[in-house]
Amino acid sequence: MSVTNLSENQRRLVRPVSIFAAVIAFSIGLAYFTAGSQSFPQPIIDRFPFVDAVNAGQDWLRQHFMWFTRGIATGIRYAIDTVETFLVLLAWPILVLGIALPALKFGGLRMALFCSAAVMVWGCLDLWDAAIETMTLMAVSVFIAGFLGILTGIAASQSNRFEAAIRPILDTMQTLPGFVYLLPAIFFFGIGAVPSVIAILIYALPPAARLTNLGIRQVSAETIEAAQSFGSSRLQLLFKVKLPIALPSIMMGLNQTIMMALALVVLATFIGAGGLGYEVWVGIRRLKFGQALEGGIAILLMAIVFDRITTAMSLHQQGDANRTSGAFRLLPSRFERYSWAVLIENGLDLIYQLFSLISVAYTKTIARAVQTLVGVQSRSLGSRLYRAVLDRTFLITGLTLLIVLYLIDVYLSSFGNFPSSLEFSIRKPSDAALNAMTTSTVFIGITTWIRWFVFTWMLDPLADFLIALPWWYVIALLSLAVWLSCSRGTAMVCVFGLFFIGAAGIWAIGMFSMAQILVSLLLCMMIGIPIGILAGISNTFEAIIRPILDAMQTLPAFVYLVPVLMFFGGNVVSAVIAIVIYSLPPIIRLTSLGIRGVSSEAVEASVSFGSTFRQTLFKVRIPLALPSIMMGVNQSVMMMLAMLIITPLIGGGGLGREVFVGLSQSDTGWSLQAGLGIVFFAVVLDRLTQSWSTRRQQALGLDVSA
């Protein structure tokens, strides 16, 4: 029986007994610290067949299914060449307008202008071709991943048995570091863009499948019963009721698929993918900070553009037709008290109304022409097509504008390449600024002290302590803690995972990775929680930090390596610092959210009893915000494990380095077992932090059934 199934009185008895037993076990372990076998038994390591079995299976698959992989590679190569040729030959104004139009439709004028400016920056930084190459890989990968993910999600929503079967597969696909997928992709599909698409497809598919399944299953029973009462068949119920209602959730799944695809397409430069990731990697390898920074800025802008557009589409925010009353199209609504702002917005309204009239008249003309052509054969079909065309006024007008621009470019006046007069470079000033900072005595002193403190007082002693502990003691103590905090099943996963790490011969490496994560988590909490509390109590500070967190959360992990490498050099401490920076946004956001989410009644009651601001903060608001804070810790831990896999690029060690070793030696089994070690840590730490958050919610009397 797990602790969660005990009565309240039994829990009160079990908790102190469990704590006492844990203390006794810890004391016994320390007493026999030097007596037990500290390293994992060598015979088990020698006989462990995982690496050989994986490599043998891979060789067998390659030998017998090469015809199949070559067929897939040929199809993907054709798709990549077609899309890339189309985008390269497309004039740059057409691409800018093609991205701006959906942003205008779903996000409004401000988003359209921002997206247009962001796309223009790619050309201004002389990275247009690299951006096109990255967009090509993303377009092909996201299309395939989205198509297969939605089909998988639909199938899972219709069958509980199928959902139960694929759930552990999706869990593994989503928690296994993306870098691990690159090696088998190389082995089966060679070097270049094709294996990159395959790796991205596997890595980015789970969100689309999960959120499609979730969206369909969340359709209310009343809605389903109403459709069935009108005689809808199972297929009609799915395609005419469930899928339309689940569309926001499906679009959010595509949003997550796009962001995960962009994160991995940057890393795919290591297997010859090219694009913006190559620019960043060359900058890191040659220590050219400015070049890496330009590539990072282009990646950041691409991530923000796709994130904002797909998020707006999932929320059905139609900026031109469903604008809320009193809201401005271009300027913030707080400017309503200024006459000049009202004048500008009124002018924009007139322009909107004029284009709307022209667009509607043009679409009606096309609709009547379609109705006339089709109506000769079928009057009812012509009427339906007439209504369908009118319902897509914005789409038809936008496509017409793009076609007109294309015809002008081809037959009248070519737009040519991106204008060189608009190009600029920040490489030299960035390199100069970095050189000034890194040669500054004060800066060198600060970075040296940080490296010394983190390594001497945190990472090194903790790693030595964990590595020196007997393997059986670590497994027993950690599994006991997981059992008491979570469940028996999670404890069994913990035992199996740790035993796997030891039997694979990477025990010491795994303990070093654990030390990296624990140190990074401690630093992340020490920095992130105070900043989150300050953002929760100060609107001004929250407004300042919000765009910074937005940028940090959309920037791919690869880009964080650039400034860390330049400022701190390549070493294990730099890896920890990169992990901390990348993992800060979730804990800051959720801490601020938790502080702001405390009910005003609780705060007023505290103040009415004479509590000062500090007492209310530390005795009311922070304790009530602990569930949200712990969920922020959970999300930060997951991001730490994702970052751990790429820190070897700047000198990081642990399991992430072993993945790179396997990749460099074409040893899929070795990379996979190191990646699975990271997966086991991810599962255990995820369950632990979620359990702590749930327990705190239960202690506060909150409903956690959802």
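Counting only helices (runs of 4 or more DSSP H) that fall entirely inside the stretch 391-500 and contain at least 2 residues that are crowded, with 17+ Cβ neighbours inside 10 Å and of a type in the set (S, T, N, Q), the qualifying elements are 393-407, 471-485. Given the criteria closer than 14 Å to Cys524 by Cβ, modelled with pLDDT of 85 or more and buried (at least 22 other Cβ atoms within 10 Å of the Cβ), does Ile587 qualify? The answer is yes for Ile587. Within the stretch 655-664, not a single residue is at pLDDT below 80, assigned by TED's automatic domain parsing to the domain that holds Phe568 and on the phi > 0 side of the Ramachandran plot.
Taken over the stretch 363-422, residues that are among the β-branched types (Val, Ile, Thr) and touching a residue at least 12 places away in the same chain (Cβ under 8 Å) amount to 8. Every condition in (1) surrounded by fewer than 18 Cβ atoms within 10 Å (Cβ to Cβ); (2) in contact with a helix residue (DSSP H, G or I) (Cβ under 6 Å, 6 or more places away or on another chain) is met by Ala508 except one, and the failing one is (1). The listed residues are Phe499, Phe512, Phe567, and the only one of them that is among the aromatic types (Phe, Trp, Tyr) and at pLDDT 90 or above turns out to be Phe512. Meeting the requirement of 2 or more residues that are of a type in the set (S, T, N, Q), surrounded by fewer than 24 Cβ atoms within 10 Å (Cβ to Cβ) and without any contact (Cβ under 8 Å) to a residue 24 or more places away in the chain, the helices (runs of 4 or more DSSP H) wholly within the stretch 181-291 are 221-229. Name the single residue that is farthest from Asn160 (Cα to Cα) among those in the stretch 202-223 being polar (S, T, N, Q) and at pLDDT 85 or above. In this case the residue turns out to be Thr212. The residue list Gly675, Gly594 contains one member that is assigned to a helix (DSSP H, G or I) and modelled with pLDDT of 85 or more, which is Gly594. Take the stretch 432-464 and flag every residue that is under 24 Å from Ala515 (Cα atoms) and in contact (Cβ under 8 Å) with a residue 24 or more places away in the chain. Hits for the stretch 432-464 are Thr447, Ile450, Arg451, Val454, Phe455, Met458, Leu459, Leu462, Ala463. When you check Thr616 against the structure, is it more than 18 Å from Val637 (Cβ to Cβ), modelled with pLDDT of 85 or more, of a type in the set (S, T, N, Q) and surrounded by 14 or more Cβ atoms within 10 Å (Cβ to Cβ), yes or no? The answer is yes for Thr616.
Residue count for the stretch 658-670 under the criterion of being within 20 Å of Ala557 (Cα to Cα) and crowded, with 22+ Cβ neighbours inside 10 Å: the result is 2. Exactly one residue out of Ser485, Ser520 is more than 27 Å from Ile44 (Cβ to Cβ) and assigned by TED's automatic domain parsing to the domain that holds Pro461, and it is Ser520. All conditions in (1) more than 24 Å from Gln665 (Cβ to Cβ); (2) at pLDDT below 80 hold for Gln256, with the sole exception of (2). Using the structure shown, decide if Arg70 is without any contact (Cβ under 8 Å) to a residue 24 or more places away in the chain, part of a helix (DSSP H, G or I) and among the basic types (Lys, Arg). Here the answer is yes, as Arg70 does meet what is asked.
Based on what the data block shows, is Arg308 of a type outside the set (Ser, Thr, Tyr), closer than 23 Å to Leu565 by Cα and modelled with pLDDT of 75 or more? The answer is no for Arg308. Could you tell me whether any residue of the stretch 642-659 is over 28 Å from Arg286 (Cβ atoms), among the polar types (S, T, N, Q) and in a helix (DSSP H, G or I)? Checked the stretch 642-659: no residue is over 28 Å from Arg286 (Cβ atoms), among the polar types (S, T, N, Q) and in a helix (DSSP H, G or I). You will find that of Ala112, Ala164, Ala156, Ala139, the residue that is under 30 Å from Val51 (Cα atoms), in a helix (DSSP H, G or I) and not assigned by TED's automatic domain parsing to the domain that holds Gly654 is Ala164 and no other.
The values are calculated or read from the model by the stated rules, or taken from the named source; none is laboratory data. For clarity, every value in this text was computed on a predicted model and none was experimentally measured. Glycine also receives a Cβ, built like all others from the backbone with ideal geometry; neighbour counts cover every protein chain displayed.
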